[in-house]
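Structure first, commentary second.
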Amino acid sequence: MAETLTALTDQQLPMLQKEKFVLLSTIDAETGAPSVNAISWVYAMGPDRLRFAVDQRSRIIQNVQAHAQAAITFFGGGSVHTVNGTAKLVAEQLDGVPIKLACVEVEVASVRDVMFYGSRISVEPQYEKTYDKRAAEKLDGQVFHAMNKA
């Protein structure tokens, strides 16, 4: 059984201080069922706090406001890790970003290695932006800067 930590390790922290594919799990506000979304605007403010940005019309916002429990699952260091914690809306709209994004902060309660026994991730999931690369890089920079200020 993997050890449960109460904060990100020194090795995990930088993994979440750049754009990264993660899976965000929340509890659906209407049905109470699990809800999973892939996001990439996530940033570790420190070993005990993560922030993420999503469209302010996203159902994720209603989910977090109704049920504060959230989990962020990420790939790194040859494994899969899940951060569980309490989420709260910290900015209804991020300043300095040309699209309407909200910012949510997750206070870390636990971090677990959730990879099944006797295996390791040999290649992390990769994705590519399907719109203008320069525009994507500019927007990413604006979003990460605004999340740090929120």
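Bear in mind these aren't lab numbers, they're just calculated from the coordinates by the rules spelled out. Owing to the predicted nature of the structure, the values given are computational and were not obtained by experimental measurement. A quick note on method: Cβ atoms are made from the backbone with ideal geometry, for glycine too, and the neighbour counts reach across all protein chains shown.
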Let me know the Rg and Dmax you get for region 4-149 when you use only its Cα atoms, in Å.
15.0, 46
Restricting attention to region 100-150, which trypsin sites (Lys or Arg not before Pro) occupy a DSSP loop and are surrounded by at most 12 other Cβ atoms within 10 Å?
LYS100, ARG120
Got a sec to turn the phi values of region 100-109 into Karplus ³J(HN,Hα) couplings, 6.51 cos²θ - 1.76 cosθ + 1.60 with θ = phi - 60°, whole Hz, x for Gly and Pro?
7, 10, 9, 10, 10, 10, 10, 7, 6, 9
Tell me, what ³J(HN,Hα) does each residue in region 53-65 have, in order and in whole Hz, if you take phi through Karplus 6.51 cos²θ - 1.76 cosθ + 1.60 with θ = phi - 60° and put x for Gly and Pro?
10, 9, 3, 5, 8, 5, 4, 4, 4, 5, 4, 5, 5
So what's the net charge close to ARG49: Lys and Arg +1, Asp and Glu -1, counting the other residues with Cβ under 13 Å from its Cβ?
-1
Along the Cα→Cβ direction, 7 angstrom out, place labels at GLU124 and ALA38. What is the inter-label distance in nm?
1.5 nm
Hey, in the GNM for the chain with a 10 angstrom Cα cutoff, which one of VAL123, VAL42, VAL64 fluctuates hardest?
VAL123
With each label point set 7 Å from Cα along the Cα-Cβ vector, what nm distance links LYS18 and THR6?
3.1 nm
Computed, not fitted: 222 nm per-residue ellipticity of the chain from DSSP H runs ≥ 4 (each -39500 (n - 2.57)), nearest 500, equal to -5000 deg cm²/dmol
Can you tell which of THR31, THR82, THR73 shows the greatest fluctuation in a Gaussian network model of the chain with Cα springs below 10 Å?
THR31
Built amide H within the under 5 Å cut-off of ALA109, gap 5+:
ASN84, GLY85, THR86
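Specify the longest stretch of the chain that does not include any exposed loop site, a site being one of the chymotrypsin sites (Phe, Trp or Tyr not before Pro) with a non-H, G, I, E, B DSSP assignment and at most 10 other Cβ atoms within 10 Å.
1-115
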For SER79, list long-range residues whose amide hydrogen, built 1.01 Å from N in the peptide plane, is under 5 Å from its own amide hydrogen.
ILE121
Candidate cut points under trypsin sites (Lys or Arg not before Pro) in region 1-54, DSSP loop plus at most 15 other Cβ atoms within 10 Å of their own Cβ, are LYS18
If amide hydrogens are placed 1.01 Å from N in the peptide plane, which non-local residues have theirs closer than 5 Å to the one on TRP41?
ALA53
Length gained, MET45-GLN93, 0.36 nm per residue minus C-alpha separation, equals 15.4 nm
